[in-house]
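Everything on this sheet refers to the single structure shown next.
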Amino acid sequence: MNNVLVASNRGPVSFTVSDDGELTLRRGGGGLVSGLSGVAKDGVLWVCAALSDGDRSAVHLAPGGRIDQAGYDTGPLRMLDIPPATFHRAYNAVANSTLWFVNHLLYDIPNAPLFGTKFGREWESYRDYNGAFALALAEEAGHEARVMVQDYHLTLTPAMLRAERPDLRIAHFSHTPWAPPEYFSLLPDEVAREVLEGILGADHAGFLTDRWAQAFMDCCEALLGAEADRVGRSVTHDGRTTRIGVHSLGVDGAALWERACEPDVESHMTALKEQVGDRRLIVRIDRTELSKNIVRGLVAYGEFLGSHPEWHGRVVHLAFAYPSRHDLPEYREYTASVQRCAQQIEDAYATEDWDPLILNVNDDYPRSLAAYRMADVLLVNPIRDGMNLVAKEGPVLSPRCALVLSREAGAAAELGSHALLVNPYDISGTATALHDALVMPEDERRTRRDKLHAAATALPPQKWLEAQLDALA
Ligand SMILES: O=P(O)(O)OC[C@H]1O[C@@H](O)[C@H](O)[C@@H](O)[C@@H]1O
């Protein structure tokens, strides 16, 4: 039996099956996993979903889906083999196409699903999927164990788990923004209610910034008639009180720097230096995710080139747009629009000896670390973001980068006074900020970068985890 458990959809590792049937291991990706891997290991059981065919094979080879030592320095795992159709409806239709879009204020995109009969079935699958996690956690947790449930995939699990095991101390943590009530209430009433009451099944509900925590409390008041204590930070509903916590997440500067000095990164730096020469470098690194606002960032770069011909031939924009959630049509279409927009910039400005934009659409972690190290300007312009760790990694790895940062990213709460803040919808404002960042005097950019570095590394994942566990003690 385990005393500390973490539950999330994506686990710290994933398996792939090669042609000869051999299982190989990969590190899991995404903000949540990068934050928690490496710290949630000793004595912590991680319960996650089997996501790939390789994961399902690994589950069937391991008794009860328990994998004691997967590799990559992770602790024990229990992978849940949820029936693929149920998983697809819970993960793609509800978690990613509904809850993610609502909390990122992206619901009005043309293909957003409608809440018709089909949604009823999808919601039922989301309940089943959350129920499978609650059941596994109830089986694995020791008496009065501490259980940390992560993110929008698992909003119903805390209440379901409490019903099974009232002795447990349960936390839920949201790694995303939280929508204001007037937007959250576009969910069908019973769905909005179940999500809020599901999270309120926890003893402690955590958020990355005060802004998202306040929005959650607003929703509880407006949609459940719950009582929110803004000063003591808690919500009381149906006779139970859930404490609300704000726990920001930063980066482990020393570990990141060590990884960025490995030979694979050094050789990418050499190659990039050859490609870019002594031109200034504007870097962005994102998953190709609608909330990351990549298209508007590219349009702003095009506008900057249009209004500052003196920079032609002297600057390169290196944009990493990694593949993400390609099972969803909205994401495939978004990748295509990023590529179309990049092509327009190339067509308008490229010359025989100058490529104004280099777009990378394939996953290449060492190359992106090399880009961070060489960046003069880092552009992070999401429409809305729970935190955004790119904004924190850049100043750790680049000695002189100026940060152009969306005021709608959670990271703006800590980094805002040392960055150039932009309204992510304001193309001209973003173009002006890119110019200001390029011409920023050397001493100012170094002073700002040092302050960004200090703020970015103040709360590494280890501290975040300890704060969560303390909150449950
Ligand atoms: O759908 P994926 O690829 O597992 O990504 C999920 C994760 O994506 C991350 O970027 C978010 O910060 C997390 O909140 C989220 O859990």
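Every number in this text was worked out from the coordinates using simple rules, so none of it is lab data. This one's a predicted model, so the numbers in the text were calculated from it and none came from an experiment. Every residue, glycine as well, gets a Cβ built from its backbone with ideal geometry; the counts of neighbours run over all protein chains shown.
Here are the numbers:
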{"item": "Where only C-alpha atoms are counted, convex hull volume of the chain per residue in Å³", "result": "147"}
{"item": "Segment ARG27-ASP470, length gained on full extension (0.36 nm per residue, minus Cα span)", "result": "156.7 nm"}
{"item": "Additional length obtainable on full extension of the chain from ARG240 to GLU221, 0.36 nm per residue less Cα span", "result": "5.4 nm"}
{"item": "Computed label-point distance, nm, for sites SER307 and TRP257 using a 7 Å Cα→Cβ extension", "result": "3.7"}
{"item": "Aspartates and glutamates whose Cα lies under 15 Å from that of LYS451, excluding same-chain neighbours fewer than 8 positions away", "result": "GLU393, GLU414, GLU442, ASP443"}
{"item": "Relative contact order %, the stretch 253-457, counting alpha carbon pairs below 8 Å whose residues are six or more apart", "result": "24"}
{"item": "Between the stretch 2-22 and the stretch 298-349, the Cα center-to-center distance that results, in Å", "result": "34"}
{"item": "Cα gyration tensor category, rounded, prolate or oblate, for the stretch 253-457 with a/c compared to 1.5", "result": "rounded"}
{"item": "R0 of 56 Å, Cβ-Cβ distance SER18-ARG121: FRET efficiency to nearest 0.05", "result": "0.95"}
{"item": "Where N is the number of residues in the stretch 230-307, Cα Rg divided by 2.2 N^0.38 Å", "result": "1.90"}
{"item": "Förster-model FRET efficiency, 60 Å R0, ALA348 and LYS41, C-beta, rounded to 0.05", "result": "0.75"}
{"item": "Candidate lysines - alpha carbon under 23 Å from LYS292, same-chain residues fewer than 8 apart omitted", "result": "LYS392"}
{"item": "ARG332 paired with GLU442, simple spin-label distance in nm, labels 7 Å along Cα-to-beta-carbon", "result": "5.1"}
{"item": "Distance (nanometres) between label positions extended 7 Å along Cα→Cβ at ALA271 and ASP167", "result": "5.5"}
{"item": "The stretch 347-473: relative contact order in percent, alpha carbon pairs under 8 Å with at least 6 residues between", "result": "22"}
{"item": "Length gained when the stretch GLU139-ARG340 is fully extended (0.36 nm per residue, less Cα-Cα span)", "result": "67.4 nm"}
{"item": "Spatial separation of Cα centroids for the stretch 382-455 and the stretch 145-216, in angstrom", "result": "30"}
{"item": "Charge dipole of the chain about the Cα centre (unit charges at C-beta), most positive-ward option of ILE170, LEU318, VAL377", "result": "ILE170"}
{"item": "DSSP-loop GluC sites (Glu not before Pro) across the stretch 313-363, with at most 12 other Cβ within 10 angstrom", "result": "GLU352"}
{"item": "Radius ratio Rg over Rh of the stretch 218-371, counting only Cα atoms, Kirkwood formula for Rh", "result": "1.15"}
{"item": "Contact order relative to length of the chain, as percent, for alpha carbon pairs under 8 angstrom and 6 or more apart", "result": "13"}
{"item": "For the stretch 406-473: rounded, prolate or oblate by the Cα gyration tensor [a/c cutoff 1.5]", "result": "oblate"}
